[in-house]
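Read-outs: derived from the displayed coordinates by stated rules, not from any lab. Just so it is clear, the structure is predicted and the values come from calculations on it, not from any experiment. Ideal geometry is used to build each Cβ from the backbone, glycine not excepted, and the neighbour counts take in all protein chains shown.
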Amino acid sequence: MKKIVVLTLAMVTIITVQAQKKRVPGEQKEFRDKLLTEKLKLSEEQKQKAKTLNEDYRKKMAELRKKDDILVKDWKNQMMELNKKHREDMKDLLTKEQKAQIEKMKIDRKKIGEIDANARMEKMKVQLELNNEQMEKIKKQRSEMLEKMKSIRENKSLDQMKKREEMKALMQKRNENMKSILNEEQIKKMQEMRKTMQRKRRVVS
């Protein structure tokens, strides 16, 4: 039964992602908002309040984009704060039941993410011809990295800009660690795989 549920969730995610790929960024957000509205069954009052909040958010974002007298770092911080406040305001509109539903959706999405990550790792094992020892090291590295990412996200003493910087440094360190696990031929193959993936992304976008 669990396998059927997981497979169903995975299929829904794939269909959603494929539909989103055909949309530009602004349309993607509208598409996600529409899906969320349908899933949560928002009342007319909630829809109207959400519309007002979205309009206010877009207005403030437009005003921020026009500012040319502030540092890029400050601009990014203000943008992230606007995004954070918008998410909190939208969350406050929801009932206790709707919030619980969102938490369940997050858990389901996490499960699908784990399935997807494991599938990618198995594919990488075949493509790079990794041995079992290398796979164990990579799995351990991934587990440690996820814990560090969680710690950064939950660290309230860091602003959004600092969190991004630490996340970026963490990803760079992961790439360096990967080079210590792989041999020269595997590193070369991995670099070629990344180039191919980047080319495919450019074609899709």
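For this structure, a couple of remarks:
- Evaluated at q = 0.13 Å⁻¹, the base-10 log of the normalised Debye intensity for the range 46-205, with identical point scatterers placed on the Cα atoms, takes the values -0.95.
- Inter-part distance where the range 74-131 and the range 150-205 are each reduced to a Cα centre, Å: 17 Å
- The range 87-205: relative contact order as a whole-number percent, Cα under 8 Å and 6+ apart: 24 percent
- Backbone phi angles across the range 109-123, fed through the Karplus curve with coefficients 6.51, -1.76 and 1.60 (θ = phi - 60°), yield HN-Hα couplings of 5, 5, 4, 5, x, 5, 4, 5, 5, 5, 5, 5, 5, 5, 5 Hz in residue order; Gly and Pro are listed as x.
- Projected label points at residue 97 and residue 69, each 7 Å from Cα along the beta carbon direction, are separated by 5.1 nanometres.
- Note, ³J(HN,Hα) from phi for the range 51-68, Karplus 6.51, -1.76, 1.60, rounded to Hz, x at Gly and Pro: 4, 4, 4, 5, 5, 5, 5, 5, 5, 5, 5, 5, 5, 5, 5, 7, 6, 10
- Karplus 3J(HN,Hα) series, Hz, for the range 150-164 with 6.51 cos²θ - 1.76 cosθ + 1.60 (x for Gly, Pro): 4, 4, 5, 4, 8, 7, 6, 7, 9, 7, 4, 5, 5, 4, 4
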